[in-house]
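Worksheet for the structure shown next.
Values in this text are rule-based calculations from the coordinates and carry no lab data. Just so it is clear, the structure is predicted and the values come from calculations on it, not from any experiment. Positions of Cβ are generated from backbone atoms using ideal geometry, with glycine treated the same way; all protein chains shown enter the neighbour counts.
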Amino acid sequence: MIFTTSVEHLKGVGEKTAGLLGKLHIYSYEDLISHYPTDYTIYNNPVSISEVKPGGVFAVRASVSGVTGPVKAGRYNIITVYLKDGLNVLEAVFFNQPYIKKIIKPGGFYILRGKIVQKGAKLIMQSPKIYKDDEYRDLLLSPVPKYSLTKGLSSKTISKAVNAVFKDAQWDDEIFDPCILNKYDLLTHKEAVKLIHFPGTLDDVSKARRRLAFEEFFYFIMLLRKNKSLSVSLPNSYPMIETADTKRFIESLPFRPTSGQKKAFNEIVSDMSGSSCMNRLIQGDVGSGKTLVALLALLMCAANGYQGALMAPTEVLAVQHYKTVNEYIEKYGLCFKPALLIGSMTASEKKAVYGQIESGEVNLVIGTHALIQEKVKYKNLALVVTDEQHRFGVRQRETLAGKGGTPHILVMSATPIPRTLAIILYGDLSLSAIHELPAGRQQIKNAVVGTSYRPSAYKFIKEQVSTGHQVYVICPKIDSDEEDDGEIENVADYTETLRDALPGVRIESLNGKMKPALKNDIMNRFSRGETDVLVSTTVIEVGINVPNATVMMIENADRFGLAQLHQLRGRVGRGKDQSYCIFVSSKDDEKTMERLNVLKDTNDGFKIASEDLRLRGPGDFFGIRQSGEFAFKMADIYSDSDLLEISGNLVDEILKDDPGLKKEENSRLRKSVEDYVERSEFLQSI
């Protein structure tokens, strides 16, 4: 099959649709079939009005007893439809949809499906969709996929295009032997792709996810193992000795490092003074003091006459690191000669820094991915400290090394992964774990609440802002779309809701689709205290440190993994004041509340990760994708932990028998791995 064929060759996909697909980075058949659904709509049988409950999405079949409006209310023109079945009445409210009065008539029977909200003593169906009986009956047959979209494109259009691929293309052979598929209860790749897009039941979705998640883990671990075999033999080009500089710095600090910090630094010293190049991960909970350990490693590097680089995920955090280092230099007389290098600097500013780096005048460069651009020439770069967002493989080391030797690599991760999984995922790295938090750090106070608590939460936010503090509010989606049923909160609408609810409070919004310059500007304003409340997607999970922020409110918390919620919570509790985290759940069933109450009961990230493994089963696929360093489309390191272990064992078996995948029976697998890496920007970095 020629999966590189342009989507414009598909029947029903013209120039306009191809352009819209291009906005989602869908250009080829391969891009299209791997644009997996993000969720599925389950159309349940209509219920009576007496059965609807606030916070849920319901379908109701009832007669229309009246229609009023439009009534002007702020930026909205509101039309209200009154539904009746027997003695029960329900109001359905439509915003800025004047055509509703033309398609719905008093006395007629309709099926309306939408989110139920509580307004005082009344229940209201908000922005529902209207269906004819036969139309809704067809939707009851199977789960309907929902895709990540752009304006002008619908999930139905994507489904039709995917179906056209199945009719038009010839599929390649399956890469795994039938005995492996049978042993691990896996579908073929073609079956899995077909069912993930066109499931007949939720069980079909679960089976399809299992195969696709297994495949992602398999390729990822295969590349890790091969990378490790290349990097293990790298000699230590920059051998170092521990100097008095690090000891003096530790003794000058107003606190004593924890035992975990000391152990991690000792392991780094052993690595950098050993015979092989360091490739180590510091795994520590949010606030465990990983950055101090990294600065000690960089100080040792500078004291030995070499250069070090500290790479942050965002410009804002890079600037914060740069300021911290300069404060330490002034306070403790450290031997750093630092420079900042970020994308927003002018060409002349960058040129000046390039010269200082090449001459060796600078011994510590702090920045973003700008540090590894071709124009940057290091004199003797011996250590690169990075975060989990930037995995460093052999290719990156070669880029940085230039004409010199290969630098030591130190990676910092706040993702609380149980050690058994960390060994598999970070198979190319030696592990150092910091479990305890520094003394004196205040515990965050947590609350798990339903949607009815929002008015109280808004009042609490206003109180915190009035005392000079700042607040984060997290929503899963960026904005609403034409297929939105109102079940998931989005940043765009929520920002306006908060502005209406909190007059006088300075509120801004942030999301990952914004241009880097705009994101940096918004985060900088929040960091400087010019914004009171920042409404954001999970883009703020890493990359900003605001000690003055004391409240984190997370909407649709039930749709996130516990570990990710814990990392989001880690944005607060960084200053001297008491901090709070409010988890708002749109579901109140026993299983959901049991999961979320784990966060209420503990702030220990590793304990939370273990509970995530226990409580999230393979069927929990209607959630927000696990973020962080693992950019998997389908796989989740917690809910798919069994697949992670299985795929890791299979990779080890194959490579033990055929390390280079050179045997004839592995030729198809070798080509598949190469093709997969070429298609994946994420795996290209390994």
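Given contacts defined as C-alpha pairs under 8 Å and at least six residues apart, what's the relative contact order of the chain, whole-number percent?
Numbers: 1239 pairs, mean separation 90.2, N = 686.
The normalised contact order for the chain reaches 13 percent.
What do you get for the angle between helix 290-303 and the principal long axis of the chain? Use alpha-carbon atoms, 0 to 90 degrees, nearest ten. Result, in degrees: 30. Where only DSSP H runs of four or more residues are counted, the chain gives -12000 deg cm²/dmol as its mean residue ellipticity at 222 nm, each run worth -39500 (n - 2.57). Here is the P(r) of the stretch 138-257: all C-alpha pair distances, binned every 10 Å from 0, give 10, 24, 22, 14, 10, 14, 7, 0 in whole percents.
Please tell me which of these pairs span more than 19 angstrom C-alpha to C-alpha: LYS633/LYS671; LYS101/LYS132; LYS226/LYS671; LYS323/LYS462; LYS375/LYS513; LYS160/LYS194?
Details: LYS633/LYS671 21 Å; LYS101/LYS132 16 Å; LYS226/LYS671 15 Å; LYS323/LYS462 31 Å; LYS375/LYS513 27 Å; LYS160/LYS194 13 Å.
Too far apart for the 19 Å limit: LYS633/LYS671; LYS323/LYS462; LYS375/LYS513.
The largest-to-smallest principal axis extents of the Cα set in the chain are 86, 69, 48 Å. A simple packing score, the average count of other Cβ atoms within 10 Å per residue, orders the peptides 452-463, 315-326, 468-479 as 468-479, 315-326, 452-463, with the highest score first. Using the alpha-carbon positions of the stretch 244-434, Rg (one decimal) and Dmax (whole number) come out as 15.8, 48 Å.
Each 10 Å bin from zero up to the one holding the largest Cα-Cα distance in the stretch 49-139 carries the following percent of pairs: 17, 52, 29, 2.
Computed packing ranks the peptides 372-381, 601-610 as 601-610, 372-381, most packed first, by mean other Cβ atoms within 10 Å. Summarising the strand pairing of the chain, around 40 percent of its internal DSSP beta bridges are antiparallel. Taking the stretch 271-362 on its own, what percent of its Cα-Cα pair distances exceed 22 Å? Looking at the stretch 271-362, the distances longer than 22 Å represent 35 percent of pairs. Straight-distance candidates among the lysines for linking to LYS247, with alpha-carbon spacing under 20 Å and chain neighbours fewer than 8 residues away dropped: LYS262, LYS263, LYS290, LYS331, LYS337. As a rough guide to protection, the peptides 302-312, 80-90, 42-52 ranked by mean Cβ packing within 10 Å, highest first, stand as 302-312, 80-90, 42-52. Using only Cα coordinates, the Kirkwood hydrodynamic radius of the stretch 191-283 works out to 17.7 Å. Along its first, second and third principal axes, ordered by size, the stretch 445-602 spans 42, 41, 28 Å in Cα coordinates. Please list, or write none, the lysines whose alpha carbon is within less than 16 Å of the alpha carbon of LYS183, excluding same-chain residues fewer than 8 places away. Here the lysines satisfying the reach criterion relative to LYS183 are LYS207. Computed from phi, the 3J(HN,Hα) profile of the stretch 36-45 under the Karplus parametrisation 6.51, -1.76, 1.60 (θ = phi - 60°) reads 6, x, 8, 5, 9, 8, 9, 8, 7, 4 Hz, with x in place of Gly and Pro. Between helix 491-501 and the chain there is an angle of about 70 degrees, using the helix long axis and the longest principal axis of the Cα atoms.
Taking Cα atoms only, the orientation of helix 667-679 departs from the longest principal axis of the chain by about 80 degrees. Neighbour counting of Cβ atoms within 10 Å sorts the residues LYS587, LYS351, LYS337, fewest neighbours leading, into LYS351, LYS337, LYS587. Beta bridges assigned by DSSP with both partners in the stretch 73-135 are antiparallel in approximately 85 percent of cases.
Each Lys and Arg Cβ is given +1 and each Asp and Glu Cβ -1; about its Cα centre, the chain then shows a dipole of about 1540 debye.
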